[in-house]
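The values are calculated or read from the model by the stated rules, or taken from the named source; none is laboratory data. Note that the coordinates shown come from a computational prediction; the quantities given were computed from them, not determined experimentally. In this analysis, Cβ positions are derived from the backbone assuming ideal geometry, glycine residues included, and neighbour counts consider all displayed protein chains. Protein only, heavy atoms only, side chains kept; ligands, DNA and RNA dropped before computing areas. Shrake-Rupley method; radii C 1.70, N 1.55, O 1.52, S 1.80 Å.
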Amino acid sequence: MAEKLAVWLLDLGTLYAKQESIVCRDQPENTNRIHLPVMAVLVRHESGFLLFDTGCRPDAMEGGWPQNMQAAFPLTRSPQQDLTHQLALCGVSPEQIGTVVLSHLHLDHAGNVSLFPHARCIVPAEDLALARSLVKEEDPARRGGYIRRDIEELPEDLIGLTQDETLFPGVRLLSLPGHTPGLLGMAVSSSGETLLFPSDAVYTADNYGPPPVSPRSPYNREQLLQSVSRVRELADTLGARVIFSHDINLWGRLPHAPLAVLGE
């Protein structure tokens with residue numbers, strides 16, 4: 001008998017970023033910093049295990065990230081927040097992951113891909129094109145949120161998506177551009193309940209609104225706000241719980257691995 005669909009939230013550490021880079025209301029520059037959880041989502045379905053995002057590379061603060069990124073987004077992570085440890089809390093090893101979905105290729109979502117050379121890897125096609133272009137820049141400040149080694153470590157046989165795609169019964173990827181030129185969210189449904197993961201299309205409840213509030217410098221502000229509106233429409237239509245990607249207050253109220261947030 002196939003195992004029941006289940007979803008776990010993996011705790012992969014905490015970033016410390018300028019508040020205005022996350023929620024920008026056009027006030028004078030706000031230099032206050034806020035904590036941002038870093039997470040991945042593990043889904044068990046009848047065909048195996050899917051991992052949505054992979055967090056920050058293991059050596060991020062020891063030279064894996066350039067100095068400008070270490071200063072802008074300092075990462076705190078304990079050994080227990082290592083991706084392999086978080087998977088182990090759910091009784092899963094990297095070798096058991098059959099599908100890896102990267103919502104986009106920024107530094108806190110696309111590290112650790114080298115752990116899964118055997119897995120099918122799905123990314124937003126437009127973001128991949130931009131990332132491959134920007135990481136050629138010699139000046140790290142011109143690479144945006146992309147880490148050269150993360151992009152170099154991506155498998156050659158990537159699947160690039162440009163639109164919504166149903167991967168498995170109850171698991172659908174959603175096109176939510178704006179934060180980056182292409183970004184994938186995910187909706188997971190089981191037993192009459194739906195979780196909606198918009199990734200960085202919606203950082204926090206403050207961005208969600210209404211009205212929606214953009215971060216300081218999205219790739220395309222108009223597209224981003226349209227994507228936020230789409231998330232709200234989907235949430236209303238599906239009766240879904242929205243799990244924001246970097247909301248420290250929501251994060252503190254959610255169950256983390258080894259406890260499932262859906263199923264089990």
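Let me spell it out: the conditions are (1) touching a residue at least 12 places away in the same chain (Cβ under 8 Å); (2) in a strand (DSSP E or B), and HIS179 meets all of them except one. Which number is the exception?
(2)
Give region 86-102 a look and list any residue that's in contact with a Leu (Cβ under 9 Å, 6 or more places away or on another chain) and either free of Cβ contacts under 8 Å to residues at least 12 places away in the same chain or under 17 Å from GLY13 (Cβ atoms) (or both), or say none.
GLN86, LEU87, LEU89, SER93
Take VAL228 and decide whether it is open to solvent by less than 50 Å² (accessible area, probe 1.4 Å) and touching a Gly at 6+ places or on another chain (Cβ under 8 Å).
Details: open to solvent by less than 50 Å² (accessible area, probe 1.4 Å): yes; touching a Gly at 6+ places or on another chain (Cβ under 8 Å): yes.
Criteria met by VAL228.
How many residues are open to solvent by 30 Å² or more (accessible area, probe 1.4 Å), more than 19 Å from HIS35 (Cα to Cα) and of a type outside the set (D, E, K, R) if we restrict to region 81-99? Please lay out each step first, then the result.
The first filter runs over region 81-99 and keeps only residues open to solvent by 30 Å² or more (accessible area, probe 1.4 Å), leaving 81-82, 84-85, 88-89, 91, 93, 95-96, 98.
Now narrow it down to the ones that are more than 19 Å from HIS35 (Cα to Cα): 84-85, 88-89, 91, 93, 95-96, 98.
When the remaining residues are screened for being of a type outside the set (D, E, K, R), the result is 84-85, 88-89, 91, 93, 96, 98.
Number of matching residues: 8.
Please go through region 54-80 and pick out each residue that is open to solvent by less than 10 Å² (accessible area, probe 1.4 Å) and either aliphatic (A, V, I, L, M) or over 18 Å from ILE151 (Cα atoms) (or both).
Answer for region 54-80, where residues must be open to solvent by less than 10 Å² (accessible area, probe 1.4 Å) and either aliphatic (A, V, I, L, M) or over 18 Å from ILE151 (Cα atoms) (or both): just ALA60.
Is it true that HIS246 is closer than 25 Å to VAL92 by Cβ, within 18 Å of the chain's Cα centre (by Cα), touching a residue at least 40 places away in the same chain (Cβ under 8 Å) and open to solvent by less than 70 Å² (accessible area, probe 1.4 Å)? Let's see the steps before the verdict.
Values: closer than 25 Å to VAL92 by Cβ: yes; within 18 Å of the chain's Cα centre (by Cα): yes; touching a residue at least 40 places away in the same chain (Cβ under 8 Å): yes; open to solvent by less than 70 Å² (accessible area, probe 1.4 Å): yes.
Yes.
Which members of region 203-225 meet the condition of being within 23 Å of LEU107 (Cα to Cα) and either open to solvent by less than 10 Å² (accessible area, probe 1.4 Å) or assigned to a loop (DSSP other than H, G, I, E, B) (or both)?
Once the filter is applied, which keeps residues that are within 23 Å of LEU107 (Cα to Cα) and either open to solvent by less than 10 Å² (accessible area, probe 1.4 Å) or assigned to a loop (DSSP other than H, G, I, E, B) (or both), region 203-225 yields TYR203, THR204, ASN207, VAL213, SER214, PRO215, ARG216, SER217, PRO218, TYR219, ASN220, LEU224.
Within the bounds of region 183-202, is there any residue that is in a helix (DSSP H, G or I), at positive phi and in contact (Cβ under 8 Å) with a residue 12 or more places away in the chain? Don't jump to the end; show me each part of the working.
Initial filter on region 183-202 (in a helix (DSSP H, G or I)): 199-201.
Narrowing the set further to residues that are at positive phi leaves 199.
Retained after the next criterion (residues that are in contact (Cβ under 8 Å) with a residue 12 or more places away in the chain): 199.
Within region 183-202, one or more residues are in a helix (DSSP H, G or I), at positive phi and in contact (Cβ under 8 Å) with a residue 12 or more places away in the chain.
Just give me the residues in region 231-243 being open to solvent by 80 Å² or more (accessible area, probe 1.4 Å) and either touching a Leu at 6+ places or on another chain (Cβ under 8 Å) or not in a helix (DSSP H, G or I) (or both), in sequence order. Walk me through it before giving the result.
Keep residues of region 231-243 that are open to solvent by 80 Å² or more (accessible area, probe 1.4 Å), which gives 233, 236-238, 241.
Selection gives LEU238, ARG241.
Need pairs with beta-carbon distance below 7 Å; first residue closer than 20 Å to VAL101 by Cβ and without any contact (Cβ under 8 Å) to a residue 60 or more places away in the chain and within region 143-157, second part of a helix (DSSP H, G or I) and open to solvent by 20 Å² or more (accessible area, probe 1.4 Å); sequence gap 6+ or separate chains.
If the second residue must be part of a helix (DSSP H, G or I) and open to solvent by 20 Å² or more (accessible area, probe 1.4 Å), the pairs left are TYR146/LEU134; ILE151/ARG132; GLU153/SER114.
Among (1) in a loop (DSSP other than H, G, I, E, B); (2) surrounded by fewer than 19 Cβ atoms within 10 Å (Cβ to Cβ), there is one condition ARG149 misses while meeting the rest; what is its number?
Condition not satisfied by ARG149: (1).
Looking at region 35-53, is at least one residue within 18 Å of THR204 (Cα to Cα), modelled with pLDDT of 95 or more and surrounded by fewer than 19 Cβ atoms within 10 Å (Cβ to Cβ)?
Yes, there is a match, as at least one residue in region 35-53 is within 18 Å of THR204 (Cα to Cα), modelled with pLDDT of 95 or more and surrounded by fewer than 19 Cβ atoms within 10 Å (Cβ to Cβ).
Looking at LEU184, LEU176, LEU196, LEU254, can you tell me which residue is in contact with a His (Cβ under 9 Å, 6 or more places away or on another chain) and open to solvent by less than 70 Å² (accessible area, probe 1.4 Å)?
On the way: LEU176 fails: in contact with a His (Cβ under 9 Å, 6 or more places away or on another chain); LEU196 fails: in contact with a His (Cβ under 9 Å, 6 or more places away or on another chain); LEU254 fails: in contact with a His (Cβ under 9 Å, 6 or more places away or on another chain).
Being in contact with a His (Cβ under 9 Å, 6 or more places away or on another chain) and open to solvent by less than 70 Å² (accessible area, probe 1.4 Å) holds for just one of LEU184, LEU176, LEU196, LEU254, which is LEU184.
Suppose the filter is modelled with pLDDT of 95 or more and either crowded, with 19+ Cβ neighbours inside 10 Å or part of a loop (DSSP other than H, G, I, E, B) (or both); does GLU137 pass it? Let's see the steps before the verdict.
On the way: modelled with pLDDT of 95 or more: yes; either crowded, with 19+ Cβ neighbours inside 10 Å or part of a loop (DSSP other than H, G, I, E, B) (or both): yes.
Yes, satisfied.
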